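Heads up, the thing below is written out as structure tokens.
Quick note: the coordinates plus some simple rules give every number you see, no bench work behind them. From a predicted model like this one, the values you see are computed outputs, not experimental measurements. Please note: Cβ atoms are built from the backbone with ideal geometry, for glycine as well, and neighbour counts cover all protein chains shown.
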Amino acid sequence: MSETGAPHSPEAPLWRPTRAQIERTRMHAFMGEVAARHGLRLEDYGALYRWSLASPEAFWGAVWRFCGVIASRRGPRVLERPRAMPGARWFPDSRLNFAQNLLRRRDSGTALVGIREDGRRSCRSYQQLYREVARLARGMRALGVGPGDRVAGYLPNCPEAVVGMLASASIGAIWSSCSPDFGPQGLLDRFGQIEPRLLLCADGYRYRGKVQDSLAGLARVVRELPGLRGVRVVPFLGRDTPAGGLPGARPYADLLGADDDPGLEFLQLPFDHPLYILYSSGTTGPPKCILHGAGGTLLQHLKELMLHCDLRAGESIFYYTSCGWMMWNWLVSGLALGARLILYDGSPFHPRPSRLIDLAQAEGIVHFGVSAKYLAALEQAGVRPRQSHRLGQLRSILSTGSPLAPASFDYVYREFRPALRLSSISGGTDIVSCFALGCPLAPVYRGELQCRGLGMAVEVYGDHGRPLGPGERGELVCTRPFSSMPLGFWGDPAGRRYRQAYFSRFPGVWLQGDFAELTAHGGLIIHGRSDAVLNPGGVRIGTAEIYRLVEQLPEVEESLAVGQQWHGDERVILFVKLGAGHALDPALMQRIREQIRQGATPRHVPARILAVDDIPRTRNNKIAELAVRELIHGRPVRQLAALANPEALAQFQGRAELAGEAPGHG
């Protein structure tokens, strides 16, 4: 639809900003400042993007100035070894503190709103947040936690998690967190590698109306973390004795002490001082511990939140996330802009499908972030927010986690508000930020990510290692250094595993691992993970292409496609989870095949279609295609702790149907 809700042609944008809207954006103001300072004529986003790549030192220096980075020293140099990939260093002379930048506002305005599944709500003003961080930082120092030490969070998405991260950053410690649904082995696979000094955990959490105990299996974890100096328990469930008998554990409040305002000293550190350790999904091996620097993370997040999202002080921003997903780290950086963060912990569909839409209305959310899967499920549940809710304040919807289907674009503009901006964004844990995201200056086209991020030299490469043109599918890469490149992997001091992971296929070029194409509008389409790409007859097919078509059928709730090695080639196997009351009979299988054949090509049509009760997913809600591929080839899945529902794998193992001959595609 257009901005007025009128019908649109397939090539017409779903939304286009007015001139007045453009001129009110931070991106427009930034473009004007850059043009005036450098004597440039910048007509649109495309011109600004090209300049950001041609003049990286000038661009990132401009981001530093415009976003108001707080530092005790910036220094004269912006980029050292600009052609080294990896190896470039940003702002090598600077000294700053990440937490100081996020705590620059210290008034009575609301900083955090924590909301539990049962509706319990707590708030912290910016002044209260600053004081609690100061108290916790003092308690951490008293335990002997200092620069470079690791602080681990095993917490729900709650205000105390934000306080813990900021306190550790203020003293130069490294924050690393996991969501509380991880079992003991999953925690040890992660925290066991980084050996934290302090563990902050919760007594439990609620999900789908049930109380879950977080402490039951934690005793084993604590015993196997030899460097641990303290365990502090947050009473998230409101228990009087939250420690629950965990050896050596004490209440979170003990770490805060009695002094309500002890003052906070922000340790000034190099730009690339370690800030976060995030973890790869770990479905095919031990999770990689990805180390991110404070300055690069800060600069990239400021650019994305201020310019690409157009987030402003006082506005409410929400992302449905756990503390184990990089979107939590991204969301928290909104504090640097004086925003109001909405932290929700619980099921997005309990006690009713409209739970998060209710939240958006009640909290006046301006920027509403969810996953592609959530939007598809919302449509299947028949939720029509435009008719049932008052969402006049909602200005943008953000979606990530997996490719957003074109049908979900239609749903958002039909059932939410035609005047909002839908930003499908894509990046990853690897860079704790985005390669492609939204742009308040540009139109939104159906099925497309709006733009490549400023300063991000994103291309699509063919197998030959050269850029492809619009409409050609290949590997998503980044050809030049950017500020939020990871410092490396924990436990990999020589950087061998790091270089192998991202730079081995195309030397000197970052390989993201997404199968993608550029569009004629300057945007991107992501077709799924390239390591899950199907290859029947030597033709590369992104799994998202199949999901988009199959899940348009009302009988199909979810699907999962993998390639099976078969007689010297590969055949496509499609698993479908059907809605209640539906069965996978020959008629439905034929409809699925016809839907794929007509919407794609005969090569996309699966050789086998099998019904399952559930689709396995990682804890970041991504379909676990690689785990299923291992199973159907008779290979074990080694890292079950990385899955949110490992029990679902049993349906894929030893399926007799996968031993028979494939029917012809017709």
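Sum -39500 (n - 2.57) across every DSSP H segment of at least 4 residues in the chain, then divide by the residue count to get the 222 nm mean residue ellipticity, nearest 500.
-7500 deg cm²/dmol
Considering Cα pairs under 8 angstrom that are at least six residues apart, work out the relative contact order of segment 533-659 and quote it in whole percent.
For segment 533-659, the relative contact order is 22 percent.
Residue 577: which lysines have alpha carbons under 16 Å from its alpha carbon, excluding same-chain residues fewer than 8 sequence positions away?
373, 622
Given 0.36 nm per residue, what is the gain on full extension from residue 650 to residue 358 after removing their alpha carbon distance, in nm?
This chain segment gains 101.5 nm when fully extended.
When 288, 622 are ordered from fewest to most other Cβ atoms inside 10 Å of their Cβ, what list results?
622, 288
How many percent of DSSP beta bridges within the chain run antiparallel, rounded to 5?
About 55 percent, rounded to the nearest 5.
In Å, the Kirkwood hydrodynamic radius of segment 160-303 over pairs of distinct alpha carbons?
16.6
Which FRET efficiency, nearest 0.05, do residue 72 and residue 347 yield, Cβ-Cβ r, R0 51 Å?
Plugging the Cβ-Cβ distance into 1/(1 + (r/R0)^6) gives 0.70.
Percent antiparallel among DSSP beta bridges with both residues in segment 533-659, to the nearest 5?
75
Once you have the Cα-Cα distance between residue 466 and residue 584, take 0.36 nm times their residue separation minus that, and quote the gain in nm to one decimal.
Length difference between fully extended and current span is 38.1 nm.
What's the ranking of 292-301, 520-529 by average number of surrounding C-beta atoms within 10 Å, highest first?
Highest to lowest by the protection proxy: 292-301, 520-529.
Positive end of the charge dipole of segment 364-488 (Lys, Arg +1 and Asp, Glu -1 on Cβ, about the Cα centre): tell me which of 412, 487, 365 has its Cα farthest that way.
365
Between beta-carbons, use under 15 Å as the cut-off and find the net charge around residue 111, counting Lys and Arg +1, Asp and Glu -1.
+3
Fewest to most neighbouring Cβ within 10 Å: what's the order for 594, 545?
Listing 594, 545 from fewest to most nearby Cβ atoms yields 594, 545.
What is the distance in Å between the Cα centres of segment 513-560 and segment 292-307?
Distance between centres, Cα-based: 29 Å.
Please compute one quarter of the surface area of the Cα convex hull for segment 192-272 and express it in square nanometres.
If I average the Cα hull's projected area over directions, I get 8.2 nm².
For segment 636-643, what does the Karplus curve 6.51 cos²θ - 1.76 cosθ + 1.60, with θ = phi - 60°, yield as ³J(HN,Hα) per residue in whole Hz, taken in order and with x for Gly and Pro?
So the J values, rounded to whole Hz, are x, 9, 7, 10, 4, 5, 7, 9.
Take every Cα pair under 8 Å in the chain that's 6+ residues apart, average their separations, divide by the length, and report that relative contact order as a whole percent.
Averaging sequence separation for qualifying contacts and normalising by length gives 13 percent for the chain.
At 0.692 mPa s and 37 °C, plugging the Kirkwood radius over alpha-carbon pairs of segment 287-395 into Stokes-Einstein gives what diffusion coefficient in µm²/s?
Once the numbers are plugged in, D ends up at 218 µm²/s.
How many percent of the alpha carbon pairs in segment 78-154 exceed a separation of 20 Å?
58
What is the ratio of the Cα radius of gyration of segment 533-659 to 2.2 N^0.38 Å, with N the residue count, to two decimals?
Relative to the 2.2 N^0.38 Å estimate, segment 533-659 comes out at 1.00.
Could the peptides 332-339, 472-479, 252-259 be put in order, highest first, of the mean number of other beta-carbon atoms found within 10 Å of their residues?
Most protected by this proxy first, the peptides run 332-339, 472-479, 252-259.
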